Amino acid sequence: MWTFPSGTLGDLTRASHERAALARPSLPELRAAARDVPSAPAAADVFAAALRGPVIRVIAEVKRASPSKGAINPGIDAADQAAHYVAGGAAAISVLTEPTRFGGSLDDLSAVAARVGVPAIRKDFLVDPVQLWEARARGATAALLIVRALSPAELPLMMDAARECGLATLVEIRDERELERALEVGATVIGVNNRNLETLVIDPSTAPSLIPRIPTHCVAVAESGMQTAEDILASAVAGADAILVGSAISASADPTASVRALTAMPRSITARR
């Protein structure tokens, strides 16, 4: 039985519902704006293709702050940071748009999408279709959906809305039941978060243990707690296609070099069914 999340994730999810309610009256304008944004004919295919290859692909995150670390790089310029990441070999850019605990904004998403040629992902605690239309109107290729934050009725609704507005999705899980839910709604890019967003505790064994259970037709992404090539080895051996890294590279004095150091790790091509 699904219950509303507790702890930090619960607080962020409640705040997102409040922001969505404020944005909902703007839905007609957002739909119109989204139609004017150039898009690839199949965002899901473009997004998945960017994350596949013989080596681990890097989704590099623009992050000013977080609930677990506090301030990380408050003065970061999102577009400049994204350009540095791409120069280092990032396959996609994750942009935090949550304003209170992460210091992000939709303006950051617009700036990144306009600056770089790789997929831009809206990373937030999205709970309402209007927020997906916001992301598309700002130029996003994809959006994060956190299974734990979405009820059994909300998750398929959000997946359908993403398809309608032309967004790919990165569907985040933490256990086998959440993986089942992700597959039931047709997720093709699945992230496994080592961090429990309710308690903020990281268990580095989470992604390596679940990734082998993700079907090979899906892209598997390991998330959280990785800073060096050594940190990603277990996920690479488990068959991850990509990793999502945020705090370490956002805080780095040389973000290009920091991303480049993570981009040469071979991945296992036999670990997943």
Right, residue 58: of a type in the set (A, V, I, L, M, F, W, C) and within 19 Å of the chain's Cα centre (by Cα) or not?
yes
Regarding residue 63, is this residue crowded, with 21+ Cβ neighbours inside 10 Å, farther than 28 Å from residue 36 by Cβ, touching a Ser or Thr at 6+ places or on another chain (Cβ under 9 Å) and not small (Gly, Ala, Ser)?
yes
Here are the criteria: (1) under 22 Å from residue 268 (Cα atoms); (2) surrounded by fewer than 21 Cβ atoms within 10 Å (Cβ to Cβ); (3) in contact (Cβ under 8 Å) with a residue 40 or more places away in the chain. Tell me which single one residue 166 does not satisfy.
(1)
When every residue in the range 256-269 that is surrounded by 17 or more Cβ atoms within 10 Å (Cβ to Cβ) and not in a loop (DSSP other than H, G, I, E, B) is compared, the one nearest to the chain's Cα centre (by Cα) is 259
Expected output for the range 62-80 (first residue farther than 22 Å from residue 11 by Cα, partner among the β-branched types (Val, Ile, Thr), Cβ below 6 Å, 6+ apart or cross-chain) is 78/62; 78/112; 79/112
Would you check which residues across the range 213-242 are hydroxyl-bearing (Ser, Thr, Tyr) and under 19 Å from the mean Cα position of the chain (by Cα) and list them?
224, 235
Restricting the range 176-212 to residues that are of a type in the set (S, T, N, Q) and either within 14 Å of residue 222 (Cα to Cα) or under 15 Å from the mean Cα position of the chain (by Cα) (or both), which is surrounded by the most Cβ atoms within 10 Å (Cβ to Cβ)?
193
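Does any residue of the range 206-218 turn out to be within 18 Å of residue 60 (Cα to Cα), at pLDDT 95 or above, of a type in the set (A, V, I, L, M) and touching a Ser or Thr at 6+ places or on another chain (Cβ under 8 Å)? Lay out the reasoning, then the answer.
Initial filter on the range 206-218 (within 18 Å of residue 60 (Cα to Cα)): 207.
With the extra rule that they be at pLDDT 95 or above, the set shrinks to 207.
Okay, now just the ones that are also of a type in the set (A, V, I, L, M), so 207.
Keeping just the survivors that are touching a Ser or Thr at 6+ places or on another chain (Cβ under 8 Å) gives 207.
Within the range 206-218 (the criterion being within 18 Å of residue 60 (Cα to Cα), at pLDDT 95 or above, of a type in the set (A, V, I, L, M) and touching a Ser or Thr at 6+ places or on another chain (Cβ under 8 Å)), the answer is yes, since at least one residue qualifies.
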Of all residues in the range 200-243 being part of a helix (DSSP H, G or I) and touching a Leu at 6+ places or on another chain (Cβ under 8 Å), which is farthest from residue 65 (Cα to Cα)?
213
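In the range 240-255, what count of residues is obtained for those that are under 16 Å from residue 270 (Cβ atoms) and either hydrophobic (A, V, I, L, M, F, W, C) or surrounded by fewer than 21 Cβ atoms within 10 Å (Cβ to Cβ) (or both)? If you could, list the steps in order and put the result at the bottom.
Of all residues in the range 240-255, those under 16 Å from residue 270 (Cβ atoms) come to 240-241.
Remaining after also requiring either hydrophobic (A, V, I, L, M, F, W, C) or surrounded by fewer than 21 Cβ atoms within 10 Å (Cβ to Cβ) (or both): 240.
Looking only at that region, the number is 1.
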Quick check on my filter: what residues within the range 174-192 are among the β-branched types (Val, Ile, Thr) and closer than 22 Å to residue 120 by Cβ?
188, 189, 190, 192
Could you tell me whether residue 82 is surrounded by 20 or more Cβ atoms within 10 Å (Cβ to Cβ) and more than 27 Å from residue 152 (Cβ to Cβ)?
yes
Determine which single condition residue 108 fails, assuming it passes every other condition in (1) surrounded by fewer than 24 Cβ atoms within 10 Å (Cβ to Cβ); (2) in contact with a strand residue (DSSP E or B) (Cβ under 7 Å, 6 or more places away or on another chain).
(1)
Which numbered condition residue 27 misses (of (1) farther than 28 Å from residue 268 by Cβ; (2) without any contact (Cβ under 8 Å) to a residue 60 or more places away in the chain; (3) surrounded by fewer than 16 Cβ atoms within 10 Å (Cβ to Cβ)):
(2)
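The values are calculated or read from the model by the stated rules, or taken from the named source; none is laboratory data. Keep in mind that what you see is a predicted model, and the values were worked out from it rather than measured. Using ideal geometry, Cβ is built from the backbone for each residue, glycine included, and neighbour counts are taken over all protein chains shown.
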